[in-house]
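Here is the structure we will look at, set down as structure tokens.
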Amino acid sequence: MMSIFDILEIFLIFSGLYFLLIFFPWLSLIFLKEENKMIQDEISDIEEEEIEYSYIIYLGGQNSKFNSEIDEKLSKELSKRGIIGIGNLQDLNEKIEKFDNEINIKKIRESYSNRAFQKTIDRSNLRLKLYPEEKELYIHLIRSFYNLENFYQCINACDELIKLEEDNLIALRFLARSNGKLENFEEEKNYYEKISQIDLDDLDSRSKILRYYYKFKEFEKAVEMGEEILLIEKDNEQAQRIITKSNLILGNKEKTLKNLLEIYENDKTNIESIFSVVNFYFSERKYESSIEWCKKIIRIDSEHLKTWHILSRCYSYFGNNENLEECLLNIINLDDKELENYIILARFYYSNKNYENCIKICEDLLQIDENYLEAIRIKARSKEKLGVGKVIDEYLEIAVLNKVDVGSRLRIMKYYYNNKEYENCIEVAEEIILIQGENSELLHILCRAYFNLGKNKEAREFASKYLKNNSQDKKILLLLIKSCFNSKEYEETIQHCEEYLQIDQSNIIVKRLLSRSQNFLGNHEIAAKILNEIIKKDVKDIESRITLIRNYYNLGNFERVHTLCDQILTRKKTNRIALLFHARAYNASKDYEKALEAWENVLKIYKNDSEALGGLGRVYYNLGNIELAKEFLEKALEISPDSSKIQRTLSLVYIKQKNWEKALPILKSECRLNPLNLVNWERKINLYYETNREKDALNCLEEVFEYIPDISDAQFIAFAISKSYFWNERADLYYRNTKKYFDKNGSGDLIFKYIEFFYKQGNLSQTFKFINLGLEKEPSNKKIIEFKSDFDQLVNKLELSSEYLEKTLQKGKDIFIIEEVIKNIVEKSNKIVNSNWVDNNKLAMISSSLNRGGAERQVVSCLEGLVKSKKFSKTTLFCHAIDNSGGVRQTYEDEIKNIKIPIIEYSKIIDYSTIIPNANELLEKWDPLLNYLHPRIRKEIETMFLNFSKFKPSIVHTWQDTTNIFTGLAAAMAGVPKVLMFGRSLRPDQKTILHMRNKQYLKEAYRTLINSGRFTLCLNSKAGAKSYSEWLEIPIEKISVLYNGTDFSGINDICKGKSITERLNQFNINKNDKVVGTVFRFVSEKRPLLWLEVAKQVLIKKPNVKFILVGDGALFNTVKFEIEKENLSDNVHLVGQTNLVKLWLDRMDIFLMTSRTEGLPNVLIEAQGFGVPVISTNAGGASETFIEGETGFLINNSEAHDITEKILDSLFDENWLKLASEKSFENARAKFDKHSMFKNLSNLYDNL
């Protein structure tokens, strides 16, 4: 119990401390510092982490004198132990006793024995405070620190012990060991040397020094130390071995062997000593001796694994495969868990081409470890050698198991390359690059793989990288040249060609590519010079001649092509390329008869040549023989199913034949394979429009984004398609989406696509706009700069200024090249009017074809009238082609021949000199302007210009819009005094999209021609005249109207002696059946599906009514399908195309027309002329052909229901039918007879 004085003393002390902290707060820092924490009284409560080292801070001084009874001796003892002097003397003495008991040397020894190394350290540190010179404590500290791997503390403790005893061996030994653990090998060796100097018989220190000398290649010292050890211990094996090895390294082979044999002699059954001899002989490559000593060991111990290993190596050296195999099998039997042994045996079998056993061993190994990569690899190579199994699977397995295994990936890469799986090859090569980076082998194979895939950009990239370190590799340099050439980078091609020729001047291929590149850059003379130099050096060089042939072919110099082809064929009659270019040149020059002969010559030698078969197909297509074209093209496609060229031509054949089902898959495939080719999309969309599938046409825009991965490219193609088909809202949307790419670096190439697109459309305004935009975004873009130079020349030639083009853009108006060319030609030709030609009294009538159609029928009627009247002294009919359907549709050719009017098919004229001898001279002054037109348009104008110049007509009479413009222009150039142009039924921009596609120039062209004074526009109805007047923005008085004239007697004569009774019986149409019929082309503007819907609704109410459709066209099969689908085949019948129209009209009670657009419908006139009342939608001049309510009815809203009701009202009104039939006959014959028409036409000619 504490006395009252003790309590009072404690209270006063703490009160004093409290006031000190209040008045001197900075003193609190002393008590708060982590380093100055007070030690708790009870040693047992001290936490281990606070007693980590032997350095403990004690608070002594005044604190130890709190009890005034404490004397100097006790105070000193308390201070040593760090005990605070608070409490009575008894308590303080008890604390000292308790502390001393805790650090008793026995307890320290007990802690060390129990491997409580940290507690040993703590207690030893505390005891050292009392007994600082007690060596045993340092030893416990040294050993405990070493066991805890606290090597730096161990070294500190050793240093403290050495201060007490300089030569203390324990301290020196642990100093050496700790330095060794810390990899201070030099220090380690120094301490062991000190030990060896103190203890002359110490083997441990000497052994460590020995190993040090050997490890650090101080072999002479190692020998000395080893001999020193042997003096202490004669049979020390370690010393013997190291001496032997060191002597061996030092070249003291005799000493080494002597040492080894001495060791052996000491104990001849000691396997290790014998094995040392084996090793010596083996290292000296004395394999026979090594084998001899190995056998000594085997006799002692047949399971000595190391010996079998050495034996196997020796036998391997001698090529003793039988013994080697035995060794390797023994090794596996002795150590069947060591997988490397299996691999060694597998390699043995593999190197000896024993692939079956190799595979077996690998499979045994894989039973142990199914993922052992080396076994899988060797097994794969063995199977590869045997040619069994799918080897690639093993290599793929290795690659999966080891994400960084390069060897397997190299094999896979090469496998893919050799099997032409180039995309997979590239993928694996890129994986290897990620693992180890690029190297020459990878760059080499990557550039080749990309080249073989046709990815020339990537091929160029990797070839260029490869050549940085392999600049003399001619093969890859040639590949780089070809890649650049294929990428149309002709300047770069030239650069690399020149680099190649510095290495090897003899490579003809490089020179040819150099020539071609120069040719493509317009350097034709340089190109020809290169090739001619090649030919001069080697007169037998066919390839160079072929390259020259290609150059001349591309230049259109077909005469030179034929000359060079003949030169080649005189040397080698079977040269395929020369034969092909003969045919190609004839084909390109449209000399189809010679082309046929040339293609057939190819097939005589190369019977199944797909190009020759395809060429024949194209010639027959151009000659209009569609069936033969189809036959040859289909045969060509069987041989070359992937040929886009053959597929494209065949699709045109199918389209001609209206075989949409076969044409469409080809067009779809072309779009999918070449989605960046706008023409592919246009062909496909045209077909959709032809077959009335506008929704499918619009869906092509979605396919664009599906097929084209680059979004900017897809946006451009979608824009171009939309613009071409007047889908203006969509075009605006895609353009807005594309504009964001214009601000990115390198946008010039994207803008250049817009420049090219609008230029090909002939749109000068938009071309001008995008040239300026491109130079604003990328002023240094070479392609745009070069294009601008050519464009500036064009606008200057057409006398257009930049200001004018800018103003047209501001007004939202587009200027087209063809419009400006026409304006320039008309202005120039106004000075060339051959008024004297009027006296020639000649008429030139021009029609695009003679296929049976409304306009063509009127051409025939006009010509018949002209022949009978003998109005002109000479009349000639010029046709672009008599049959432009390829034999699918019938023509009026026989009718024209019967009236003895000459027909000239001007599209077939190849040699202008056959028209007129001075053709080139006549064309020369027009060439600068005509050069800007499309070649097809230019040829049409030139051909007709020359024909007019020769024929010298008084009047040129043209039919339909494009013929009106281009042959009209030719007439103006030739100085024809009068031109009469018969337009279509209605203005073209109100017909289908296909009527105006690529013909936006029509309006301005018409206006230019009409305003020139020599041209008169005529329509066949007042509705048509009004339509054209509004479109062209000219007074209607400037447009003449001439109603069609119908040759009723001629139509009747065709049918004399003919009958359709058999067909009527097939259709099950009886005498008393009510029949509604029509005659039309099955095209969208005639709305055949609306006609069919009306029939369907009529049949719901009157199921016995019969329906007849006469004619053919794009939608024929569509209508046929709908009839079958709706089960209407018993009542609705398709006749097809026929010239027995009158017989079918005779069987009709009502004639129904459902057209969207018309001029003056001939079919309504003809129907009434043979007594058939009509019902018609309000299209064009339809209402002008009949008397409303008396000979027919006009339906204004085109609803199927309203048309149906009108048919039902009329069809069963027998009285009305009888009167309407009589009135129809009278009305049509009085108003639209061909004699009346011709009389009006004659007056029109006279008044031009």
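The values are calculated or read from the model by the stated rules, or taken from the named source; none is laboratory data. Being a predicted model, the structure only gives us computed values, none of them experimental. Using ideal geometry, Cβ is built from the backbone for each residue, glycine included, and neighbour counts are taken over all protein chains shown.
Structure data summary
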{"read-out": "Residue 774 vs. criteria on the phi > 0 side of the Ramachandran plot and in the same structural domain as residue 802 (by TED's automatic domain parsing)", "value": "no"}
{"read-out": "Leading residue by the ranking (nearest to the chain's Cα centre (by Cα)) among those in segment 635-647 that are buried (at least 17 other Cβ atoms within 10 Å of the Cβ) and closer than 21 Å to residue 888 by Cα", "value": "647"}
{"read-out": "Exclusive hit being at pLDDT 85 or above and over 21 Å from residue 474 (Cβ atoms), set 535, 509, 526", "value": "526"}
{"read-out": "Selected residue [without any contact (Cβ under 8 Å) to a residue 12 or more places away in the chain and either within 21 Å of residue 865 (Cβ to Cβ) or not assigned by TED's automatic domain parsing to the domain that holds residue 1158 (or both)] from 1029, 1040", "value": "1029"}
{"read-out": "Qualifying residues in segment 1183-1204 (those that are touching a residue at least 40 places away in the same chain (Cβ under 8 Å) and hydrophobic (A, V, I, L, M, F, W, C)) - the one farthest from residue 1224 (Cα to Cα)", "value": "1200"}
{"read-out": "Matching residues, segment 649-666, being part of a helix (DSSP H, G or I) and within 16 Å of residue 627 (Cα to Cα)", "value": "649, 650, 651, 652, 653, 654, 655, 656, 660, 662, 663"}
{"read-out": "So residue 328, is it buried (at least 20 other Cβ atoms within 10 Å of the Cβ) and either aliphatic (A, V, I, L, M) or within 24 Å of residue 374 (Cα to Cα) (or both)", "value": "yes"}
{"read-out": "Neighbours by Cβ (under 6 Å, 6+ apart or cross-chain): first from segment 299-314, under 15 Å from residue 341 (Cβ atoms); second of a type in the set (D, E, K, R) and surrounded by fewer than 19 Cβ atoms within 10 Å (Cβ to Cβ)", "value": "305/335"}
{"read-out": "Leading residue by the ranking (surrounded by the fewest Cβ atoms within 10 Å (Cβ to Cβ)) among those in segment 714-761 that are among the polar types (S, T, N, Q) and not in a helix (DSSP H, G or I)", "value": "745"}
{"read-out": "Matching entry among 108, 155 (being more than 22 Å from residue 81 (Cα to Cα), part of a helix (DSSP H, G or I) and in the same structural domain as residue 76 (by TED's automatic domain parsing))", "value": "155"}
{"read-out": "Helices (runs of 4 or more DSSP H) fully within segment 239-338 counting 3 or more residues that are farther than 26 Å from residue 215 by Cβ, modelled with pLDDT of 85 or more and not hydroxyl-bearing (Ser, Thr, Tyr)", "value": "287-300, 305-318, 321-334"}
{"read-out": "Matching helices (runs of 4 or more DSSP H) fully within segment 968-1078 where at least 1 residues are within 28 Å of residue 723 (Cα to Cα) and acidic (Asp, Glu)", "value": "1002-1011, 1022-1032"}
{"read-out": "Qualifying residue in segment 833-843 (condition: under 25 Å from residue 1160 (Cα atoms) and in the same structural domain as residue 1020 (by TED's automatic domain parsing))", "value": "yes"}
{"read-out": "Subset tally (residues that are under 47 Å from the mean Cα position of the chain (by Cα), in a helix (DSSP H, G or I) and free of Cβ contacts under 8 Å to residues at least 60 places away in the same chain) for segment 918-947", "value": "10"}
{"read-out": "Any hit, segment 674-686, residues being touching a residue at least 60 places away in the same chain (Cβ under 8 Å) and surrounded by 21 or more Cβ atoms within 10 Å (Cβ to Cβ)", "value": "no"}
{"read-out": "Failed criterion for residue 192 (all others in (1) within 26 Å of residue 233 (Cα to Cα); (2) surrounded by fewer than 21 Cβ atoms within 10 Å (Cβ to Cβ) hold)", "value": "(2)"}
{"read-out": "Residue in segment 361-375 that is farthest from residue 329 (Cα to Cα), counting only those that are crowded, with 22+ Cβ neighbours inside 10 Å and among the aliphatic types (A, V, I, L, M)", "value": "375"}
{"read-out": "Members of segment 762-775 found to be surrounded by 19 or more Cβ atoms within 10 Å (Cβ to Cβ) and free of Cβ contacts under 8 Å to residues at least 40 places away in the same chain, listed by number", "value": "767, 770, 771, 774"}
{"read-out": "Residue check, residue 826 farther than 30 Å from residue 1232 by Cβ, modelled with pLDDT of 90 or more and either buried (at least 22 other Cβ atoms within 10 Å of the Cβ) or out of contact with any helix residue (DSSP H, G or I) (no Cβ under 8 Å at 6 or more places or on another chain) (or both)", "value": "no"}
{"read-out": "Single match in 1064, 1019, 1002 (criterion: of a type outside the set (S, T, N, Q), crowded, with 21+ Cβ neighbours inside 10 Å and over 19 Å from residue 1228 (Cα atoms))", "value": "1002"}
{"read-out": "Odd one out for residue 139 among (1) of a type outside the set (Asp, Glu); (2) crowded, with 19+ Cβ neighbours inside 10 Å; (3) modelled with pLDDT under 85", "value": "(3)"}
{"read-out": "Cβ pairs under 9 Å, 6+ apart, first in segment 889-905 and within 12 Å of residue 857 (Cα to Cα), second of a type in the set (A, V, I, L, M, F, W, C) and assigned to a helix (DSSP H, G or I)", "value": "892/859; 892/860; 895/860; 895/863; 896/859; 896/860; 896/863"}
{"read-out": "Any hit, segment 159-182, residues being over 60 Å from the mean Cα position of the chain (by Cα), within 30 Å of residue 248 (Cα to Cα) and surrounded by fewer than 17 Cβ atoms within 10 Å (Cβ to Cβ)", "value": "yes"}
{"read-out": "Filter result for residue 662 (under 24 Å from residue 1113 (Cβ atoms), touching a residue at least 24 places away in the same chain (Cβ under 8 Å) and surrounded by 15 or more Cβ atoms within 10 Å (Cβ to Cβ))", "value": "no"}
{"read-out": "Where a residue in segment 968-994 is on the phi > 0 side of the Ramachandran plot and its partner, wherever it lies, is surrounded by fewer than 24 Cβ atoms within 10 Å (Cβ to Cβ) and of a type outside the set (Gly, Ala, Ser), with Cβ under 8 Å and at least six apart", "value": "975/832; 975/833; 975/834; 975/837"}
{"read-out": "Filter pass, residue 420 being in contact (Cβ under 8 Å) with a residue 24 or more places away in the chain and in contact with a Gly (Cβ under 6 Å, 6 or more places away or on another chain)", "value": "no"}
{"read-out": "Selection count, segment 1179-1201, where residues are under 12 Å from residue 1023 (Cβ atoms), under 57 Å from the mean Cα position of the chain (by Cα) and in a loop (DSSP other than H, G, I, E, B)", "value": "3"}
